[in-house]
1. Looking at Lys88, Lys82, which one is away from ligand 1 (no atom under 16 Å from the Cβ) and open to solvent by 90 Å² or more (accessible area, probe 1.4 Å)?
2. Among the numbered criteria (1) within 25 Å of Arg177 (Cα to Cα); (2) open to solvent by 50 Å² or more (accessible area, probe 1.4 Å); (3) in contact with a strand residue (DSSP E or B) (Cβ under 7 Å, 6 or more places away or on another chain), which single criterion is violated by Val191?
3. Filter the range 188-217 down to the residues that are part of a loop (DSSP other than H, G, I, E, B) and in contact (Cβ under 8 Å) with a residue 24 or more places away in the chain, then identify the one that is nearest to Val154 (Cα to Cα).
4. Report whether or not Arg5 is touching a residue at least 12 places away in the same chain (Cβ under 8 Å), closer than 27 Å to Thr117 by Cα and within 16 Å of ligand 1 (Cβ to nearest atom).
5. Out of Arg60, Arg23, I need the residue that is of a type outside the set (A, V, I, L, M), within 16 Å of ligand 2 (Cβ to nearest atom), assigned to a helix (DSSP H, G or I) and modelled with pLDDT under 95. Which one?
6. Give the residue that is farthest from ligand 2 (Cβ to nearest atom), with candidates limited to residues of the range 34-57 that are assigned to a loop (DSSP other than H, G, I, E, B) and within 13 Å of Ile18 (Cα to Cα).
7. Can you pull out the residues in the range 63-79 that are open to solvent by 80 Å² or more (accessible area, probe 1.4 Å), within 21 Å of Asp12 (Cβ to Cβ) and not aliphatic (A, V, I, L, M)?
8. List the residue pairs whose Cβ atoms are under 6 Å apart, where the first residue sits in the range 247-258 and is over 21 Å from Asn171 (Cα atoms), the second is of a type outside the set (A, V, I, L, M, F, W, C), and the two are 6 or more positions apart or on different chains.
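The values are calculated or read from the model by the stated rules, or taken from the named source; none is laboratory data. All values derive from a computational prediction rather than experimental measurement. Virtual Cβ from ideal backbone geometry, glycine too; neighbours counted across all protein chains shown. Just the protein is used for accessible areas: all its heavy atoms, side chains included, with ligands, DNA and RNA removed. Shrake-Rupley method; radii C 1.70, N 1.55, O 1.52, S 1.80 Å.
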Amino acid sequence: CPWPRIQGAMFDRDSLLITYHDRRGEPRGPHKKGQPWEGRGDCIDCKACVAVCPMGIDIRDGSQLECIQCALCIDACNDIMKKVGRPKNLITYDTFRNLDAVEHGQRARLQLIRPRTILYTALMAVVGVIMLAALSQRALLEVNVLADRNPLFVTLSDGSVRNGYTVKILNKRYETRHFLLRVEGLPGASVRVLEFEAANASIDVVPDDLRALKVYVTVPPVEAAKLKRGSTSFSFVVRDKDLGAETRRATTFRSPER
Ligand code: SF4
Ligand code: SF4
């Protein structure tokens, strides 16, 4: 998991980190009900904090790179402190600066606003704006076209030339949408979606789903004779019947070399 390393690069001496207060907890050791607390630490060495740690570390050994700051050890230790009648927060959030200050009998002020936190806030705001912009610009319809490779084309008995395609329509809206399919840039061409009897049938795509259609595009003999050098560019046009929006996907039409 890269998260602890990312965290490690972001911390400074004023960052609030999960910390075991060893000055209060040590010397640790088992404690029986009724025994005095004088001359010993508050840690009863029950290892509840180690048992709950998802990273399998013992926070009493000091701050560690593996720690993901989930705070489960704080809750586990607070439950134990409550049971043995000692103050909470033997494991708690604290800063390295405050720990050093406590060593010298002082207390450091928590500094939330500092160059690092201002920079991170600004970066997060920029990333947030970019993500919102990307979300608002997100295409709610995706069309992909895959031309058949085998055969590249078929010459029909009347001289027409036919190409096969798989057209995939992905509806990213939360409602069923109805589409019409046509081609552009291929004079005289007709489109037939294999699963529909009628030409120009409505193609329904349920919410958040992809529909793959087998499609034949046929160019009649006269127009086929005019196609250049075996490969002609054209576009499939998918039109949303309700919204009127159109999405185009360019592809090629293969015909015999002349
Ligand atoms: S904060 Fe979470 S990961 Fe870190 S020591 Fe405590 S339980 Fe383990
Ligand atoms: S849960 Fe608290 S008392 Fe138990 S071992 Fe951890 S630090 Fe010590």
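1. Details: Lys88 fails: away from ligand 1 (no atom under 16 Å from the Cβ).
Matching residue, one of Lys88, Lys82: Lys82.
2. (2)
3. Within the range 188-217, the subset part of a loop (DSSP other than H, G, I, E, B) is 188-189, 194-202, 206-208.
From what's left, in contact (Cβ under 8 Å) with a residue 24 or more places away in the chain: 188-189, 202, 206-208.
Numbers: Gly188: 17, Ala189: 14, Ser202: 26, Val206: 33, Pro207: 35, Asp208: 35 Å.
Once the filter is applied, the top-ranked residue is Ala189.
4. So Arg5 fits the description; yes.
5. Matching residue, one of Arg60, Arg23: Arg23.
6. Ile57
7. Correct list: Glu66 only.
8. Once the first residue is over 21 Å from Asn171 (Cα atoms) and sits in the range 247-258, its partners that are of a type outside the set (A, V, I, L, M, F, W, C) give Thr252/Ser231; Thr252/Ser233; Phe253/Asn163; Phe253/Thr232; Arg254/Asn163; Arg254/Ser231; Ser255/Gly230; Glu257/Gly230.
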